[in-house]
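The values are calculated or read from the model by the stated rules, or taken from the named source; none is laboratory data. Bear in mind that the values here come from a model prediction, so they are computed numbers and not experimental data. Don't worry about glycine lacking a Cβ; one is built from the backbone with ideal geometry, like all the others, and counts go over all protein chains shown. Ligands, DNA and RNA are excluded from the accessible area calculation, which covers all protein heavy atoms including side chains. Shrake-Rupley method; radii C 1.70, N 1.55, O 1.52, S 1.80 Å.
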Amino acid sequence: MKIPRNASFDTPIMAQIEAARRAARLIPPAFPLSATVAVNPYLGHSGETLAETGAKLARAGGLRVTLPRAHVRAAWAKGDLTRDDLAAVLPEGISLAELEAAVALDAPAPRALPSVANLAAVASGIDWPEIIQSRIGVWAAGYFDQGQALWPAPKGRNAYDAWRGFARHDLTPEIAGLTGFCTRAADAPDTATFALVRCADALGLGADALESAAHRWLVGLGGWAQVARWKLWQAELEGGSDDTLTDLLAIRMIWDVALLEKYRDQIGAEWARVVVEHAAPALPDRDMLIDVTFQAALEHAHQRRLQRLFADPAPMRRDGRPKLQAAFCIDVRSERYRRALESCDAGIQTLGFAGFFGLPLAHKPLGACAHEAHLPVLLRPALETRPDVAPEADTASQIGARAARAWVRFKLAAVSSFAFVEATGPLYFAKLARDTLGLHKAQTPEPAPVIDGLDAQARVNTAATILRAMGLTEDFASVVLLVGHGARVTNNAHASALQCGACGGHSGEVSARALAGLLNDLSVRLGLVDQGITIPSDTRFFGALHDTVSDQVALFDALGPKESEVRRWLERAGALCRAERAQSLSHAGKDGARLPARMLDWAEPRPEWGLAGCAAFIAAPRGISRGRDLQGRAFLHDYAWERDAEFKLLELILTAPVVVASWISLQYYGSVTAPDLFGGGNKLLHNIVGGFGVFEGAGNAPRTGLAWQSVHDGEKLIHDPLRLSVVLRAPEAAVGEILDRHPQVKALFDKGWLSLILMADDGQLAQRYQAGEWQPLAPVSGLRAVA
């Protein structure tokens, strides 16, 4: 929130402004549909425990942070949750007997503190919360529009000014009974800062109560607050700031001030009691502490099963040159495919690395006018790529794309749309039939990307850095596949959410092909020799794309003499993977034969499960996890600490891939445990709004997070909400020093958002990090490793 120039505020007012800023930080950002990436919905609570977060969210929105106890009872009855699991996480002040008794009891649902609008609705019988959501929603849909609206709202004004311009002419509040609201909007202070302070005073909110009350209002705004928070996120990524979220807060407070003035006689005393509650600290009650303990016990049970899986000795490593090497994204969907591919031949070696392959790219697609960020949202692009085509070809593609956009606007325009339907509607029967039958044309890949702006030495240094980070500096196969991943889907507003999160919600094709081109450059290879990396002359790198809907791998170049053998392996691995996935997907056909058809089915709400089920992140040599069935639930990052002399790679893993994986895990967690705020609702009712989000039906605020069909199969949950367990094969001292240098990452482990387990050099899970200390794990009997 900007402080107006020359403004002079006393200490209590500044405290109110800071309280509003803190409340804004509790809201997670919602990324637009064009590049939907997983977001940790508890991002603003990372310095708090789950119980402390639960107390705040219960007060602000009546939200749960764990599933109801029926979920615990089911795990208890199946034997998945045991008395030993409860005992292992038993907190001070809660007995084991109390926990066992609580399994059979349901905890009451949390209730949010009422806003003035809630109290006014009870007093008047008028649904003021719905009216407020509706009017803010009508305005915000236009204000945040990213090109969908044919008649866009004027741009260039901040949110607060734009709303005042809208509200002074919106008669709906007055018709509903809020007389004089248009005048109130017109006469409101010129800046959101002054408006917020004035409203806080009118509502009797000092700094001690304002943070909680502001959090309540922002949570009540649902997706609009999260869209505004994304604008702040983007601005800060560029080194700036943005006030849209606090503008929204001021707008919402103006409504409650008006309602309090109108209904003061009926609700004034009750509102005063609510203010007192807002001023008091939000503390978890007994039931919440018990529920959070159950959650920790369920996570301990998963770690116990993981420990058993790694208790058996690792399979013997095959010596000699690999027949094939394939580097995949660490995405959990790659685990199944890697396991299947390795089973095709003992000479096949796979590696796990972040799907952007270490290239912080901004890519300009063929015919596009702007660049797309193909890297994790925590980073900024440092390199630019473009398709390797002549400028004339790119210009021609741009003209074609503009013509297509103009045609779409002509079809939808207010006047021409009527004539268009009458004149050409019957001609679309063929397209309708083709789409219904899934008879789409095969997609033609773009020409290979080229990296601009890197001099010769920078190209060598970049290649060396990436190869070392991948652990690929010797024993090169003659064919090395760099396999990005993507998902081809039809009629899916959240298509980008199924793409590679490490590539900013795009497929990994560009990153994989760009790196292949870099590593095949003869001058780069000669430079790598000086850095101690010698790539054999017969080794070639090839970009490839794993479609996670069909489990088919597309190759973009001929592989030479080994092509038929490699393609046979890839096809066999895809068949094995589809057969495994078919067990959890309806109408998948025998051994998953119908799964490829799902990507062309415009009526399919579940083309795949995405990252549902994700529960662990493992950084260790692949030789330790190879042959073990991790059920598509683990992020697998290759890491050998023996080659990481200064532990720089370990530091990078802990501060980047682990954090990104935690965002993914917690987005799924929030979408299951608090679907009303952090879930996307029913996909069958989605309508795109503004090009940036979706309404559920004719809703008044965007739904963010994952649709219910992404985590539930119609009968049961597919995603088991567990906070991520991070397993590292690394020395204890090195891990501790890195955590001490990065307090924000350390807080994720200290506050319980992530669990940290160390793996011994032989692959056994050996120590658990808990409350700042390392505790040895008791030995367990192992499970037979999968061949």
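The residue that is farthest from His302 (Cα to Cα), among those in segment 74-88 that are of a type outside the set (D, E, K, R), touching a helix residue (DSSP H, G or I) at 6+ places or on another chain (Cβ under 7 Å) and in a helix (DSSP H, G or I), is Ala87.
Mind listing just one residue for me: the one in segment 451-461 that is in contact with an Asp or Glu (Cβ under 9 Å, 6 or more places away or on another chain) and either surrounded by fewer than 16 Cβ atoms within 10 Å (Cβ to Cβ) or acidic (Asp, Glu) (or both) and, of those, modelled with the highest pLDDT? Talk me through it step by step, then tell me what you get.
Pass one, segment 451-461, residues in contact with an Asp or Glu (Cβ under 9 Å, 6 or more places away or on another chain): 451-453, 459-460.
Then drop every residue that is not either surrounded by fewer than 16 Cβ atoms within 10 Å (Cβ to Cβ) or acidic (Asp, Glu) (or both), which leaves 452-453.
On the way: Asp452: 92, Gly453: 86.
Selected residue: Asp452.
The set of residues in segment 214-257 being modelled with pLDDT under 95 and among the hydroxyl-bearing types (Ser, Thr, Tyr) consists of Ser241 alone.
Determine if segment 492-500 includes at least one residue that is out of contact with any Phe, Trp or Tyr (no Cβ under 8 Å at 6 or more places or on another chain), closer than 20 Å to Leu555 by Cα, open to solvent by less than 50 Å² (accessible area, probe 1.4 Å) and free of Cβ contacts under 8 Å to residues at least 60 places away in the same chain. Yes, some residue in segment 492-500 is out of contact with any Phe, Trp or Tyr (no Cβ under 8 Å at 6 or more places or on another chain), closer than 20 Å to Leu555 by Cα, open to solvent by less than 50 Å² (accessible area, probe 1.4 Å) and free of Cβ contacts under 8 Å to residues at least 60 places away in the same chain. Please go through segment 227-251 and pick out each residue that is in contact with a Leu (Cβ under 8 Å, 6 or more places away or on another chain), surrounded by fewer than 22 Cβ atoms within 10 Å (Cβ to Cβ) and part of a helix (DSSP H, G or I). If the condition is that a residue be in contact with a Leu (Cβ under 8 Å, 6 or more places away or on another chain), surrounded by fewer than 22 Cβ atoms within 10 Å (Cβ to Cβ) and part of a helix (DSSP H, G or I), then Lys231, Leu232 are the ones that fit.
Taking the criterion of being farther than 14 Å from Val460 by Cβ, charged (D, E, K, R) and surrounded by fewer than 18 Cβ atoms within 10 Å (Cβ to Cβ), the only residue of segment 515-552 that qualifies is Asp538. Inspect all residues belonging to segment 607-617 and state whether any of them is more than 28 Å from Ser662 (Cα to Cα), in contact (Cβ under 8 Å) with a residue 40 or more places away in the chain and open to solvent by less than 10 Å² (accessible area, probe 1.4 Å). No, the conditions are met nowhere in segment 607-617.
Out of everything in segment 272-287 that is in a helix (DSSP H, G or I) and not β-branched (Val, Ile, Thr), what residue ends up being surrounded by the most Cβ atoms within 10 Å (Cβ to Cβ)?
In the first step, residues of segment 272-287 are kept if they are in a helix (DSSP H, G or I); the result is 272-279, 286-287.
Then keep just the ones that are not β-branched (Val, Ile, Thr); that gives 272-273, 277-279, 286-287.
Numbers: Ala272: 10, Arg273: 11, Glu277: 14, His278: 24, Ala279: 17, Arg286: 12, Asp287: 15.
Per the stated criteria, the residue is His278.
The number of residues in segment 1-22 that are among the aromatic types (Phe, Trp, Tyr) and at pLDDT 85 or above comes to 0. Considering every residue within segment 637-648, establish whether at least one is open to solvent by less than 40 Å² (accessible area, probe 1.4 Å) and farther than 25 Å from Pro322 by Cα. No, there is no match, as no residue in segment 637-648 is open to solvent by less than 40 Å² (accessible area, probe 1.4 Å) and farther than 25 Å from Pro322 by Cα.
Any residue at all in segment 254-269 that is open to solvent by less than 60 Å² (accessible area, probe 1.4 Å), touching a residue at least 40 places away in the same chain (Cβ under 8 Å), of a type in the set (Gly, Ala, Ser) and closer than 21 Å to Asp187 by Cα?
Residues of segment 254-269 that are open to solvent by less than 60 Å² (accessible area, probe 1.4 Å), as a first pass: 254-260, 263, 267-268.
Filter again for touching a residue at least 40 places away in the same chain (Cβ under 8 Å), leaving 254-260, 263, 267.
Checking the rest, the ones that are also of a type in the set (Gly, Ala, Ser) come to 258.
With the extra rule that they be closer than 21 Å to Asp187 by Cα, the set shrinks to 258.
Yes, the conditions are met somewhere in segment 254-269.
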